[in-house]
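Engineer: Would you mind keeping the following structure in view while I ask a few things?
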Amino acid sequence: MPQFTFQPHEFATKSPSDVRAMGLSLLGLWTVAAQQFVAPVGHDDDKAMRAIADWADVARQVLVAPTGQEAIEALSSYFLKVTKLSQRRLRVIFEQHVGPEPMKHFESTYDRITRESKAEGIAEGKAEGKAEGMAEALLRLVRKRFGDQPAEYETRIRAATITELDQWTDRVLDIESAADLFTA
């Protein structure tokens, strides 16, 4: 029956050279460095930046590894939580010390969310514009066919979804009064 023993490591007393000599994986090495040498000085921007810069050689190697994107993303998120550094300042530190070429491979969660949010905002803006245009066209048809109507009709039409506006536009030529527009 095999027996295994587990030897825990005490990192709190280890120097940077001791940690580097431990034979950890790249991600393990950078994770320990983040927890041992960056987090404790996170309240001081200058010290935190120096600590990150001291481990930039490991960051470069992590970044080009197959799972480097996820590792950098996770550790960047950690740095943003344990330091006072802003997203922008952290990115500048990485670009200065890790280098602009490896950083081209990195797209942070923030960057991705910002890009996706912009795309969603554009799509929402287009949908809103489409709904506004459809509402305006339907209001013109209702006015032309039935004359001026109560303000509540206009409010309801302007607040309608695109699906409702489609249905009502299809129905406007077949109804007897503007009130019939809203009945199924």
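The values are calculated or read from the model by the stated rules, or taken from the named source; none is laboratory data. Quick caveat, the model's predicted, so the values are computed rather than measured. Positions of Cβ are generated from backbone atoms using ideal geometry, with glycine treated the same way; all protein chains shown enter the neighbour counts. Surface accessibility is based on the protein's heavy atoms, side chains included, excluding ligands, DNA and RNA. Shrake-Rupley method; radii C 1.70, N 1.55, O 1.52, S 1.80 Å.
Engineer: When the residues of the stretch 1-17 are narrowed to those that are surrounded by 10 or more Cβ atoms within 10 Å (Cβ to Cβ) and at pLDDT 85 or above, which ends up nearest to A56 (Cα to Cα)?
Structural biologist: Only one residue fits best here, namely P16.
Engineer: I'd like the residue in the stretch 120-138 that is charged (D, E, K, R) and either open to solvent by 90 Å² or more (accessible area, probe 1.4 Å) or outside any helix (DSSP H, G or I) (or both) and, out of all such residues, is farthest from T183 (Cα to Cα).
Structural biologist: Applying the first criterion (charged (D, E, K, R)) to the stretch 120-138 yields 120, 124, 126, 128, 130, 132, 136.
Subsequent filtering for residues that are either open to solvent by 90 Å² or more (accessible area, probe 1.4 Å) or outside any helix (DSSP H, G or I) (or both) retains 120, 124, 126, 128, 130, 132.
Details: E120: 33, E124: 28, K126: 28, E128: 24, K130: 23, E132: 21 Å.
So, considering only residues that are charged (D, E, K, R) and either open to solvent by 90 Å² or more (accessible area, probe 1.4 Å) or outside any helix (DSSP H, G or I) (or both), the one farthest from T183 (Cα to Cα) is E120.
Engineer: On the given criteria, is T183 closer than 30 Å to D46 by Cβ and either modelled with pLDDT under 90 or in contact with a Phe, Trp or Tyr (Cβ under 7 Å, 6 or more places away or on another chain) (or both)? First the steps, then the outcome.
Structural biologist: On the way: closer than 30 Å to D46 by Cβ: no; either modelled with pLDDT under 90 or in contact with a Phe, Trp or Tyr (Cβ under 7 Å, 6 or more places away or on another chain) (or both): yes.
So T183 fails the test.
Engineer: Within the stretch 89-118, which residues are at pLDDT 75 or above and part of a helix (DSSP H, G or I)?
Structural biologist: To start, the set of residues in the stretch 89-118 that are at pLDDT 75 or above comprises 89-99, 118.
Of everything in the stretch 89-118, those that are at pLDDT 75 or above and part of a helix (DSSP H, G or I) turn out to be R89, L90, R91, V92, I93, F94, E95, Q96, H97, K118.
Engineer: Ok, one more. Examine the stretch 55-74 for a residue that is of a type in the set (D, E), modelled with pLDDT under 90, part of a helix (DSSP H, G or I) and in contact with a Ser or Thr (Cβ under 6 Å, 6 or more places away or on another chain), and state whether such a residue exists.
Structural biologist: The answer is yes; a qualifying residue exists.
Engineer: For the stretch 156-183, give me each residue that is open to solvent by 80 Å² or more (accessible area, probe 1.4 Å), part of a helix (DSSP H, G or I) and charged (D, E, K, R).
Structural biologist: Those that are open to solvent by 80 Å² or more (accessible area, probe 1.4 Å), part of a helix (DSSP H, G or I) and charged (D, E, K, R): R156, R158, D170.
Engineer: Give the stretch 139-155 a look and list any residue that's part of a helix (DSSP H, G or I) and surrounded by 10 or more Cβ atoms within 10 Å (Cβ to Cβ), or say none. Quick ask: steps written out before the conclusion?
Structural biologist: From the stretch 139-155, those part of a helix (DSSP H, G or I) are 139-146, 151-155; that's our starting set.
Those that are part of a helix (DSSP H, G or I) and surrounded by 10 or more Cβ atoms within 10 Å (Cβ to Cβ): L139, R140, L141, V142, R143, R145, F146, Y153, E154, T155.
Per-residue answers, yes or no, for (1) open to solvent by less than 50 Å² (accessible area, probe 1.4 Å); (2) under 19 Å from Q96 (Cα atoms):
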site: K47; (1), (2): no, yes
site: A53; (1), (2): yes, yes
site: L63; (1), (2): yes, yes
site: T67; (1), (2): no, no
